[in-house]
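**Student:** Here's a structure for you.
The values are calculated or read from the model by the stated rules, or taken from the named source; none is laboratory data. None of the values given here were measured: they were computed from a predicted structure. FYI the Cβ positions are ideal-geometry reconstructions off the backbone, even for glycines, and counts take in every protein chain you see.
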Amino acid sequence: MLIRALGAAVDLSVEETGYRGHAAVLSGTAHAKGFDAVAVLGGDGTINEVVNGLLDGQPAASAAGRPKLIVIPGGSANVFARALGLPNDPVEATGAVLEALRDERSRTIGLGQAIWHDDTAGPDQGPSTDQQGSRYFTFCAGLGYDAEVVRAVEGLRSAGYKASPTLYVNTALRHFFVTDRRHPAIRLVRPRQPETPGIFMAIVSNASPWTFAGSRPINPTPWAGFETGLDVIGLRRMGIASVLGFIHQIIGERSGLPRGKHLVQVHDEQEFTLAAVRPLAFQLDGDYLGEHEWVTFRSIPDALQVLV
């Protein structure tokens, strides 16, 4: 039904993904062939692949030179689509997209870029040394505890469990009581700024909310947005009282900027590095990307046009 609705409005070519990374290949091919737009029906991981295929290693190029992105939410959380203001229901979202097509209405957004390196490199050496990987993200990345939860949930999903808020909450609770809550491993490194050590968990945001628990937004970085640089929030305490107080502040529609001496908060940053004393779990747009000792983040402004 969704394909018929879109096909009635545009000249549509349909492809199905067959393996992890296939969406990036398909969107990169569409870019090379000069398509006007690329529509994706899927969750945040699939959308992330499509975005990376569209940028194709050319973040400095104008967004006007790339196909526009059309997002139809089809995952469990659909954080990116909902942050854009699209309905969470795929049928309703298709209706909103069709209106945007009819009105020729689009929005230019910025993205984040993560560049990670092996343990022989360091923040002071710059991103050209021992570079291991680079990937763009639409709404969030994380190093430490939240990425450990993402890794565990991915394992459960591969074993047949269905992704749900309950699965994430239960997994987060189990990992909280086994994680190292005495020895913070992360420090925040920014150009021309003193280092900020003693961080247990760091969340990087390109949009707000960070994620959703069902219909309820979870918003640790409420000032983050597609039109600004990147935001960071780090936890310098992982005690039960500190974490529960933090959670209470960030859940719900009315959540404001979290407050507490144990929080590290940075807004509208163009570039920074999260460095760790040991390899830590790393996630990007909800996808687990292995363990890394340091990751450099950059804001890529005006990177993509989205029909909304």
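**Student:** Among (1) farther than 21 Å from PRO165 by Cβ; (2) out of contact with any helix residue (DSSP H, G or I) (no Cβ under 6 Å at 6 or more places or on another chain); (3) modelled with pLDDT of 95 or more, there is one condition MET1 misses while meeting the rest; what is its number?
**Tutor:** Of (1) farther than 21 Å from PRO165 by Cβ; (2) out of contact with any helix residue (DSSP H, G or I) (no Cβ under 6 Å at 6 or more places or on another chain); (3) modelled with pLDDT of 95 or more, only one is false for MET1: (3).
**Student:** Okay, moving on. What tally of residues in the range 108-147 results from selecting those that are modelled with pLDDT of 95 or more, surrounded by fewer than 24 Cβ atoms within 10 Å (Cβ to Cβ) and over 23 Å from TYR288 (Cβ atoms)?
**Tutor:** 2
**Student:** I've got another one for you. Report yes if some residue within the range 161-183 is in a loop (DSSP other than H, G, I, E, B), over 30 Å from GLU227 (Cα atoms), modelled with pLDDT of 90 or more and in the same structural domain as LYS261 (by TED's automatic domain parsing); otherwise report no.
**Tutor:** yes
**Student:** Restricting attention to the range 78-85, does a residue exist that is within 26 Å of GLU154 (Cα to Cα), in a helix (DSSP H, G or I) and at pLDDT below 95?
**Tutor:** Taking every residue of the range 78-85 in turn, none turns out to be within 26 Å of GLU154 (Cα to Cα), in a helix (DSSP H, G or I) and at pLDDT below 95.
**Student:** If you go through the range 282-293 one residue at a time, how many are under 16 Å from the mean Cα position of the chain (by Cα), buried (at least 21 other Cβ atoms within 10 Å of the Cβ), farther than 27 Å from ALA93 by Cβ and not aromatic (Phe, Trp, Tyr)?
**Tutor:** Going through the range 282-293 one residue at a time, the tally reaches 0.
**Student:** Between ILE251, ILE218, which is surrounded by 15 or more Cβ atoms within 10 Å (Cβ to Cβ), within 30 Å of LEU98 (Cα to Cα) and without any contact (Cβ under 8 Å) to a residue 60 or more places away in the chain? Step through it out loud before you land on a result.
**Tutor:** Working: ILE251 fails: within 30 Å of LEU98 (Cα to Cα).
Every option except ILE218 fails the conditions.
Listed here are the residues, each with its yes/no results for (1) in contact (Cβ under 8 Å) with a residue 24 or more places away in the chain; (2) outside the structural domain of GLY142 (by TED's automatic domain parsing); (3) touching a strand residue (DSSP E or B) at 6+ places or on another chain (Cβ under 8 Å).
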{"residue": "GLY225", "(1), (2), (3)": "no, no, no"}
{"residue": "VAL264", "(1), (2), (3)": "yes, no, yes"}
{"residue": "GLU271", "(1), (2), (3)": "yes, no, yes"}
{"residue": "GLY286", "(1), (2), (3)": "yes, no, yes"}
{"residue": "GLU293", "(1), (2), (3)": "yes, no, yes"}
{"residue": "LEU307", "(1), (2), (3)": "yes, yes, yes"}
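**Student:** Please give the number of the condition GLY75 fails out of (1) out of contact with any Gly (no Cβ under 6 Å at 6 or more places or on another chain); (2) closer than 28 Å to SER205 by Cβ; (3) in contact (Cβ under 8 Å) with a residue 24 or more places away in the chain.
**Tutor:** So the condition that GLY75 fails would be (1).
**Student:** If you scan the range 294-308, which residues turn out to be surrounded by fewer than 22 Cβ atoms within 10 Å (Cβ to Cβ) and either over 23 Å from THR228 (Cα atoms) or of a type in the set (Gly, Ala, Ser) (or both)?
**Tutor:** Residue satisfying the conditions is SER299 alone.
**Student:** Considering the range 4-34 alone, what residues qualify as being over 24 Å from the mean Cα position of the chain (by Cα) and either of a type in the set (Gly, Ala, Ser) or part of a helix (DSSP H, G or I) (or both)?
**Tutor:** Selection gives ARG4, ALA5, LEU6, GLY7, ALA8, ALA9, SER13, ALA32, GLY34.
**Student:** Go through (1) exposed (fewer than 15 other Cβ atoms within 10 Å of the Cβ); (2) farther than 22 Å from ILE300 by Cα; (3) touching a helix residue (DSSP H, G or I) at 6+ places or on another chain (Cβ under 9 Å) and name the single condition GLY21 misses.
**Tutor:** That leaves (2) as the condition not met.
**Student:** Just to be sure I understand the filter: pairs with C-beta atoms under 8 Å, separated by 6 or more residues or on different chains, first member in the range 1-28 and without any contact (Cβ under 8 Å) to a residue 60 or more places away in the chain, second member in a loop (DSSP other than H, G, I, E, B) and not hydrophobic (A, V, I, L, M, F, W, C). Which pairs pass?
**Tutor:** Short answer, once both residue conditions are applied: ALA23/THR17; LEU26/GLU15; LEU26/THR17; SER27/PRO67; GLY28/ASP56.
**Student:** Quickly run through the range 201-237 and pick out the residues that are modelled with pLDDT of 95 or more, under 19 Å from PHE282 (Cβ atoms) and polar (S, T, N, Q).
**Tutor:** Across the range 201-237, the qualifying residues are SER205, ASN206, THR221.
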